[in-house]
Every structure is written in structure tokens, then in C-alpha cells.
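For reference, the structure is listed below as C-alpha cells.
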Amino acid sequence: MVIRRPQCLLQETMWVCQAEVHNVGTGTVTIDVEARKDGEALTSGRQRVSVAASSEARVRWTLAARPDELVIDPDVRVLQRHRERARAAMPDR
């Protein structure tokens, strides 16, 4: 699992954030993706997404604070190689 194209935009008083989750594996997986700030999960910052093998799915949040990181499978429920690729820092504005 890999996070691609993370971005956040301030819209009025809320942050609208999105990213693509790419499944590089050979099977369909349902997985959580969590938005974090300073290492802690943000309120309403967890989304669940199903991604077919070799496919992508888009995740989207509306949050009160801008996250600094996105993490796939934050509770480590899925066995995956290269787990370090399953997180992404949010790019500078």
C-alpha cells in the first residue's frame, strides 16, 4: 500500500484533505487511512477504503486542523512489506 498525491486546502474554516491509496499487492484489501497531527489521530481523521489489487482509491477528509501526516493501516492489522511506504507527510501549502 502506498499513499500518492496527498494534499490539503483550507476552505473557509475547515481543511479539505485528500490522497490516493494505491494497492501494490495481489489481492483486494479493506484498510483504514488516518490523518495525524503531531503523531496523534485527528478527530474524524480516519477513513476506511477498499482497494482492488493493482488499483487506486481516493480518500477524503474534512478536518478542523491541517494534518501533517497520513498513515495507512495505523493499527497494523494487515501484513505488508515496506510498511514505511504506507505513510506520507503532507506537502507544504
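The values are calculated or read from the model by the stated rules, or taken from the named source; none is laboratory data. Predicted model, so just to flag it, every value in this text is computed and none were measured. Don't worry about glycine lacking a Cβ; one is built from the backbone with ideal geometry, like all the others, and counts go over all protein chains shown. Surface areas here come from the heavy atoms of the whole protein model, side chains and all, with no ligands, DNA or RNA. Shrake-Rupley method; radii C 1.70, N 1.55, O 1.52, S 1.80 Å.
Between VAL76 and ARG5, the FRET efficiency estimated from the beta carbon spacing at R0 = 25 angstrom works out to 0.55. Computed log10 I(q)/I(0) for the chain at 0.14, 0.24, 0.26 Å⁻¹: -0.45, -1.24, -1.42, from the Debye equation with unit scatterers placed on every C-alpha and solvent omitted.
Shown here is the pair-distance distribution of region 42-93: with all Cα-Cα distances grouped in 10 Å bins from zero up to the longest one, the shares run 19, 55, 25, 2 percent. Working from Cα pairs under 8 Å separated by at least six residues, relative contact order for region 1-71 is 36 percent. Computed from label points 7 Å out along Cα-Cβ, the spacing between ARG85 and ARG66 is 2.9 nm. Can you send over the carbon and sulfur percentage of the accessible area for the chain, probe radius 1.4 Å, protein chains only? It is 46 percent, rounded to a whole number. The stretch between SER50 and THR30, if pulled fully straight at 0.36 nm per residue, gains 6.8 nm over its current Cα-Cα span. Per residue, the convex hull around the alpha carbon atoms of region 24-65 comes to 71 Å³. Taken per residue, the accessible surface of the chain reaches 61 Å², heavy atoms only and a 1.4 Å probe.
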